[in-house]
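The values are calculated or read from the model by the stated rules, or taken from the named source; none is laboratory data. Predicted model only: the values in this text are computed from it and were never measured. Virtual Cβ from ideal backbone geometry, glycine too; neighbours counted across all protein chains shown. To get the accessible areas, we keep the full protein, side chains included, count just its heavy atoms, and leave off ligands, DNA and RNA. Shrake-Rupley method; radii C 1.70, N 1.55, O 1.52, S 1.80 Å.
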Amino acid sequence: MGAQLAFLNPTKTPPKMRKLAGRIAPTNTERTFGFDELIVSKTDLKGRMTYVNDVFLRLAGFTEYEMIGAPHSVIRHPDMPRCVFKLLWDWLSAEKEIFAYVKNMSSNGDYYWVLAHVTPSYNKDGTLCGYHSNRRKPARNVIDQIIAPLYADLLAIEKTHTNKDAGMNAALEKLVEILTLKGTNYDEFILSL
């Protein structure tokens with residue numbers, strides 16, 4: 001009954017549903033899921049969750065009632081560079097799909113990596129109404145050898161600036177520079193791994 005009420009009013013965020021980073025200390029414990037499992041969520045245009053599946057809830061460690069209406073960023077891990085999310089939102093704002101590797105944080109501080117595929121969602125009139133994301137289990141070697149080191153470098157750039165936006169933009173410039181040298185864009189780079 002509670003989840004239904006939250007769904008009827010997805011703008012009402014339960015009070016404890018603020019970003020975990022800064023409130024909960026990250027652990028060094030990784031949660032995993034099967035290659036045959038998909039994490040699925042849907043959000044409105046502002047990134048507030050309107051649907052989450054059981055795999056999402058199990059890994060995030062929350063209930064459906066807590067998640068519906070909460071900002072998707074509530075599970076953002078502090079190891080994630082902000083520039084990756086800026087890139088993601090820039091692509092989605094242009095109504096393009098995007099693939100991205102993301103490190104999320106569970107309610108107790110554990111973490112889990114995903115390969116996310118995020119797409120715009122449209123209502124029956126063809127109007128953009130939200131976003132749909134399917135997440136798969138990523139290959140361990142890709143995370144360990146490519147993504148985690150890249151994200152650590154980008155995060156280090158972000159932290160060298162006292163202004164968060166300036167840090168995010170500097171890290172994004174570095175990411176674009178790396179991709180330009182490779183002759184690719186972020187989405188193609190991610191799909192090539």
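Tabulated results
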item: Translational diffusion coefficient (Stokes-Einstein; Kirkwood radius from C-alpha pairs) of region 55-193 at 20 °C, 1.002 mPa s, in µm²/s; result: 133
item: Helix-only [θ]222 nm of the chain, DSSP H runs n ≥ 4, -39500 (n - 2.57) each, per residue, nearest 500; result: -10000 deg cm²/dmol
item: Label-to-label distance, nm, for residues given as T184 and A25 (7 Å Cα→Cβ offset); result: 3.8
item: Length-normalised contact order for region 83-130 - Cα pairs under 8 Å, 6+ apart - percent; result: 29
item: Coil-residue GluC sites (Glu not before Pro) of region 92-193, DSSP, other Cβ within 10 Å capped at 15; result: E95, E97
item: The chain - percent of accessible surface contributed by carbon and sulfur, probe 1.4 Å; result: 54
item: Cα-Cα over 26 Å, subset of K46/K103; K96/K159; K42/K174; K42/K164; K42/K96; K46/K164; result: K96/K159; K42/K174; K42/K164
item: Selected from L115, L181, L88 as most flexible by GNM, with the chain as the system and alpha-carbon contacts under 10 Å; result: L181
